[in-house]
Amino acid sequence: MNVDLLLQSPVFILGIPLLFAFLTPLADKVSKELRNAVFIIGLLLTALFVSLMAYEVYTIGSWTYVFGAEDPTAITDVSFFRITFLADGFAVLATLTIIITAVGVGIYSFGNMKDFDDLGKFYTLFLLTLAGVMGMVLTSDLFNLFVWFEVTSIASCGLIAYHNERGESVEAALKYMIISVIAGLLLLFSIGFFYGEYGVLNYFLIRDSMDGAFIDILAIGLVMVILSMKASSVPMHMWAPDAYSEAPDSITPFIAITSLGSLFVLFRLIFFVFRGAVEPSSIGNLLIILGVLSMFVGVSMALKQSDVKRLIAYLSVSQIGYMMMAVGVGFATLGTADYGAFGVNAVEGGFFHMINDGVYKALLFLSVGGIIYAADTRDLNRLGGLAHSMPFTTFFFIIGGLSIAGIPPLSGFSSKLLIYKSVYLYNPVLAIIALVVSIVTLALIGKIFFNAFLGPDQKIGMKIPRSMILSMGVLTVIIVIFSLFPNYVVSEIIAPAIEALGVAV
Amino acid sequence: MNVKMSVVVRTVADIMVVPIVVFGIYLILHGHLTPGGGFQGGAVVASSTALLIVAHGAMKDNKTDLSNMESTGLTLFFLLAMVGLIMGFSLFYNSLAGTGGIFGGTVSGINPGYINTGGTIPLMNIVVGMEVIAALSLILWMMAKRSGSLEVEK
């Protein structure tokens, strides 16, 4: 009995990072070059299987992968009691977002981390985090979700504490660990509610048997709070600026990607599993409130920062708000005529913003990492004149910065325009808040640009390694592609994702 | 700093290590037949490390060997999981079960506990045992070293 290799791709997306995570410390004992080679081969193979899965989903359609079955793609009733993975348009959107950032960050790490020793463990943790996030977005089993949630938390906690000679890093990691453990245990608690009530853990079976009893609402509320906490939404954002700014420069975008992964899981659960059992407007309005709070508080807290990495960290919190607000508007209008009129566009805009955000946030964090590498300070008041010595990094920062602010030709604009237009029809105030936050974001990007790059050459810049330039270049190319063909991205990647969640018009 | 225990303790510890290790290996090898398995057996074997560290207060610097053993165990575990995948089934599929050979035998009814059964499960127990022995010993080693109750011989 032979199963098509393409249909096995979901498990390879998970398996390759796990296998290579355990291989890197062994390769590290042989030589540094071999370790780097093993690491990058692992990343690229994962990327290959992500694209194979995407190809298969777009040509054949979605399928369920059953672990431990003789034929993993044939679904029977019994197989629902096993661990299952769901490969569909939404999983493709999520895995694509994650893998683009992961490859960029991976290449960047070669140059950025080359002065540190014991990197075998660093790459192991990196690949374990990748496996954890991939598992989170691919799984269709609640208990399995908890397992991958914990894998991600533990591995990324190790990454945040990597510079353990600095007290701040250890503090940030401790904070992250406490938040993650609380979140993980509460997630297990809420999964217990579902299991106790229905005796099943599979997304499909829970969706079919859910009746919207009080205990369901309680469990759904818990799950939503936990996943928004991990997605660094205000008011549960306190861990994010610390963790983002104290993690090694090359890893920060990857920690941000784990937040985005939690957001993907949240959207998968509310649309795919909980949709039938709840009043759409209640969850929708909760998401809108969390989103508006994140947008506004995130950007206001960014105003007073002088640490450049912390500033970007707060901006990233505020970007999470856009996605939550847009998807919240979409969810609130579910089942009404408004959904067809503008709700679906709001969801499209939210999802498009997620993939955009993954890429431009990575580019911003990485170019800021370049500044810190070259000038050895993060204080905006001490930086200056770097454009003279770092023309490439300056260019990449401009691309990323204009994209996060939503300036017309760039990809951030396309997704934000979709959000503004649709959210305006739901409630004009929301669109106005979103616009104001965008303007403040632009001002903040201008502040970093003027402080760090413009001005007389202070001769503090030192050459940054070529691999850092290369990775930022790759991310810039992806942003440019998204900017040039936004309609294509929406129709080819976002629309199948919405269809997979069962809410296409 | 002299952290050695008395000669009685050291002698008894040296003697007790043998049955502890044997019992741990028994648990690992019989994981698919009786309660126990790779993790439990590995933890039992690693407890002998704790005994030796407490009794002798000194140990050779074998951190690298332990961490190599850990990575090898994990890699082998995953490769075993992928055997099912390569044979055309799913990940973790027990493709060796019932094929004959050293771990491929079948059992039926009440039996005295044939160890050469279970397909990939006993093999996975062995590599998990290897990983757990190495990892827990490493943790004990590091904790003892940091707390100053262990002298490391180069």
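The values are calculated or read from the model by the stated rules, or taken from the named source; none is laboratory data. Everything quoted here is computed from the prediction, not taken from an experiment. Here the Cβ positions follow ideal geometry from the backbone for every residue, glycine too, while neighbour counts run over all protein chains shown.
Listed values, structure above:
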quantity: Set A:93, A:44, A:23: member being within 14 Å of chain B (Cβ to nearest Cβ) and either of a type in the set (Gly, Ala, Ser) or in a helix (DSSP H, G or I) (or both); calculated: A:23
quantity: Which listed residue is modelled with pLDDT under 90, within 14 Å of chain B (Cβ to nearest Cβ) and surrounded by 15 or more Cβ atoms within 10 Å (Cβ to Cβ), from A:38, A:11, A:30; calculated: A:11
quantity: Residue check, residue A:69 in contact with a helix residue (DSSP H, G or I) (Cβ under 7 Å, 6 or more places away or on another chain), buried (at least 20 other Cβ atoms within 10 Å of the Cβ), assigned to a helix (DSSP H, G or I) and aliphatic (A, V, I, L, M); calculated: no
quantity: Some residue of the stretch A:368-375 being in contact with a His (Cβ under 9 Å, 6 or more places away or on another chain) and either free of Cβ contacts under 8 Å to residues at least 40 places away in the same chain or under 18 Å from residue A:312 (Cα atoms) (or both); calculated: no
quantity: Which numbered condition residue A:86 fails, given (1) assigned to a helix (DSSP H, G or I); (2) more than 9 Å from chain B (Cβ to nearest Cβ); calculated: (1)
quantity: Residue under evaluation residue A:409, criteria (1) outside any helix (DSSP H, G or I); (2) in contact with a Gly (Cβ under 9 Å, 6 or more places away or on another chain), criterion not met; calculated: (2)
quantity: Search result, residues across the stretch B:54-109 that are hydroxyl-bearing (Ser, Thr, Tyr) and in a loop (DSSP other than H, G, I, E, B); calculated: B:90, B:93, B:95, B:99, B:106, B:108
quantity: Residues of the stretch B:23-55 satisfying the condition of being closer than 27 Å to residue B:124 by Cα, surrounded by 13 or more Cβ atoms within 10 Å (Cβ to Cβ) and of a type in the set (Val, Ile, Thr); calculated: B:25, B:28, B:44, B:45, B:49
quantity: Pair list, Cβ under 6 Å, 6 or more apart: the stretch B:63-84 residue facing chain A (nearest Cβ under 7 Å), other residue part of a helix (DSSP H, G or I) and of a type in the set (D, E, K, R); calculated: B:74/B:131
quantity: Criterion violated by residue A:63 - all others in (1) within 14 Å of another protein chain (Cβ to nearest Cβ); (2) over 26 Å from residue A:350 (Cα atoms); (3) surrounded by fewer than 22 Cβ atoms within 10 Å (Cβ to Cβ); (4) modelled with pLDDT under 90 satisfied; calculated: (2)
quantity: Residue A:123 being within 14 Å of chain B (Cβ to nearest Cβ), within 20 Å of the chain's Cα centre (by Cα) and not in a loop (DSSP other than H, G, I, E, B); calculated: yes
quantity: Single unsatisfied condition, residue A:131 versus (1) more than 14 Å from chain B (Cβ to nearest Cβ); (2) assigned to a helix (DSSP H, G or I); calculated: (1)
quantity: Any hit, the stretch A:335-346, residues being farther than 30 Å from residue A:494 by Cβ and not β-branched (Val, Ile, Thr); calculated: no
quantity: Qualifying positions in the stretch A:198-239 - of a type in the set (D, E, K, R), more than 29 Å from residue A:358 (Cβ to Cβ) and surrounded by 19 or more Cβ atoms within 10 Å (Cβ to Cβ); calculated: A:216
quantity: Checklist (1) modelled with pLDDT of 90 or more; (2) of a type outside the set (A, V, I, L, M); (3) surrounded by fewer than 23 Cβ atoms within 10 Å (Cβ to Cβ); (4) in contact with a helix residue (DSSP H, G or I) (Cβ under 8 Å, 6 or more places away or on another chain) applied to residue A:485, failing item; calculated: (4)
quantity: Criterion violated by residue A:447 - all others in (1) of a type in the set (D, E, K, R); (2) part of a loop (DSSP other than H, G, I, E, B); (3) modelled with pLDDT of 90 or more satisfied; calculated: (2)
quantity: Unmet criterion (only one of (1) crowded, with 20+ Cβ neighbours inside 10 Å; (2) touching a Ser or Thr at 6+ places or on another chain (Cβ under 7 Å); (3) within 16 Å of residue A:364 (Cα to Cα)) for residue A:298; calculated: (3)
quantity: Condition broken by residue B:106, with the remaining ones in (1) within 14 Å of chain A (Cβ to nearest Cβ); (2) over 27 Å from residue B:53 (Cβ atoms) satisfied; calculated: (1)
quantity: Residue within the stretch B:42-60 that is within 30 Å of residue A:65 (Cα to Cα), away from every other protein chain (no Cβ under 14 Å) and more than 14 Å from the chain's Cα centre (by Cα) present; calculated: no
quantity: Output for the stretch A:41-51, where each listed residue is surrounded by fewer than 21 Cβ atoms within 10 Å (Cβ to Cβ) and farther than 15 Å from residue A:492 by Cα; calculated: A:41, A:44, A:45, A:47, A:48
quantity: Residue check, residue A:195 under 30 Å from residue A:106 (Cβ atoms), modelled with pLDDT of 90 or more, assigned to a helix (DSSP H, G or I) and out of contact with any His (no Cβ under 6 Å at 6 or more places or on another chain); calculated: no
quantity: Tally of residues being at the interface with chain A (Cβ under 7 Å from one of its Cβ atoms) and of a type in the set (A, V, I, L, M, F, W, C) across the stretch B:85-96; calculated: 4
